[in-house]
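The values are calculated or read from the model by the stated rules, or taken from the named source; none is laboratory data. Just so it is clear, the model here is predicted, and its values are computed rather than measured. So basically every Cβ, Gly included, is an ideal-geometry build from the backbone, and we count neighbours across all protein chains shown. To get the accessible areas, we keep the full protein, side chains included, count just its heavy atoms, and leave off ligands, DNA and RNA. Shrake-Rupley method; radii C 1.70, N 1.55, O 1.52, S 1.80 Å.
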Amino acid sequence: MYAAVRMQFKYPDGSTNWQHVANWSGGILILLLSIAVITLFFTRRRVRKANLELNKIRSELELRVQERTATLDQSNILLKETNKLLENEIAMHVSTASRLRISESYIANILRSMPLMLVGVNEDGRVTHWNKQAEVITGMKADDVLGKNLWDAYPIITVSPDQVGKAIQENETITIKHSQRGQYYFDITIYPLQDQVEPGVVILLDDVTKKIIAENMLIQNDKISSMGELASSMAHDINMPLQSILFDLRAFQHMLSESSQNMSGATIDDLPEKLNTLLSDIYMKGEKVASIVHNLQEFARGRSDRKQLCNIVDVMEHTLELAGDILSAPSGLRFIDIQIQRKYESDLPMIPCYVTELQQAFLSLFRHAYDALGRVEDPEHKPVIKIHMNVSYDSFWIRIQHNGVGLTSEEQSFLFEPFVRKDAPEVGYDAGKRLSFAYFIITEQHQGHMAVTSDVNVGTTFHMQLQLK
């Protein structure tokens, strides 16, 4: 094969064909160079691609390094901030703990200095707290009681284990009133502890002896003042007919004396008629006194501890009849001569009330109106009392209005205050001075409201508001 190849480069005479060798060699060289160029081209492309990938990897690495660096910076910042927050948190906890210790000490001092006996008891009945007032009242030191069973340490305490257990079980406050009438009064309150790991109660014992005695004295004074006002009003009502009776008796005695000295026929003939007139007047005044006494007896017997459903219209009408029987005035005005104008709303409901007391309140108001109407000096004046009753805003409203002499601003300011006589006994009682008894009945006994509006030249209106239930 080699010989065949060599023959391609020789002439027939055996000499070398250099032209053919040169052409073939040039072709081979060109082919090799082409292959080399192609190889270099692809190699360069691979190198370039590799460089691009290396640059990309380098960029990614640089970016990652930057991110890691930034993350490390942020981590350092966060770490510094975390350290700072931890330092602040530690400082705050230290401060809070200090404040808690101060607060606990402050609260402990408050509890210890309380003017009430305070006892803490756990679920087992053992004493957990015993303040200074408890030491004063019981005479037992806190160190001798703490940790011991309450009823073993202080067996005379009014609170029972059942009451403490009930307060813990039902989680409700229990209040106990303990007293020896006229000697001591205690308010005992058992408070269950809320949201505590160990169940228990706090027992507060408040010595209210001085307060109750003072309140009882005030109530007694108010009762005495009200009864004094009532007694003065009734004495005023009795005094008028009684004075008339005495005057008629003196006139009767004078007529008998004159008839015994002068026995003329004309005088003797007129005497029976005159005596009969005097006796009729005495009988009428005696009936008025009897009505007053009967009213007092009814008031004493009719009082009740419970309210009764009643028709206020009936109570008002009965009071008007009673006023006509017992009221009298120096002016000579009779209550039956006063025009009564009624304005009652239809279908008024019955309301719970103390009937006898409410009747006395209305009677006091009619007495005041009667006295004011009797002091009007105008002979053309027509005395009028207007009575309005209606239901509005879930309340029963009553207005009693008269056109007599009104009240001054000063008289209105103390009209409902308790009556205290400052005048000498011989000074006449003014029925218009006080209405504290009526005010007490409306506001305290019936939990209502009472007010007055008045003008000296127009008259006075009393406004009353009572509860429907």
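Of note:
- Net charge contributed by nearby residues that have their C-beta within less than 14 Å of residue 342 (K/R +1, D/E -1): -1
- Accessible-area value, residue 46, 1.4 Å probe, nucleic acids and ligands omitted, Å²: 150 Å²
- Accessible area per residue in Å² at 1.4 Å probe, computed on the range 356-409: 40 Å²
- Extension gain, residue 13-residue 143: 0.36 nm per intervening residue step, less the Cα-Cα distance, totals 32.2 nm.
- Accessible surface ranking for 24, 397, 130, 151, 1.4 angstrom probe, highest first: 24, 397, 151, 130.
- Which listed pairs, of 307/343; 210/307; 177/307; 166/210; 148/211, have C-alpha distances above 28 Å, in listed order: 210/307; 166/210; 148/211
- Most to least accessible of 118, 86 (protein chains only, probe 1.4 Å): 86, 118
- Multiplying the residue separation of residue 408 and residue 393 by 0.36 nm and subtracting their alpha-carbon distance yields 2.3 nm.
- Computed with a 1.4 Å probe on the full set of protein chains, the accessible area for residue 30 sits at about 110 Å².
- Accessible surface comparison of 187, 162, probe 1.4 Å, protein chains only, largest first: the order is 162, 187.
- In a fully extended conformation the segment linking residue 191 and residue 451 would gain 89.4 nm over its present Cα-Cα distance, using 0.36 nm per residue.
- Heavy atoms of residue 337 accessible to a 1.4 Å probe, total area in Å² rounded to 10: 70 Å²
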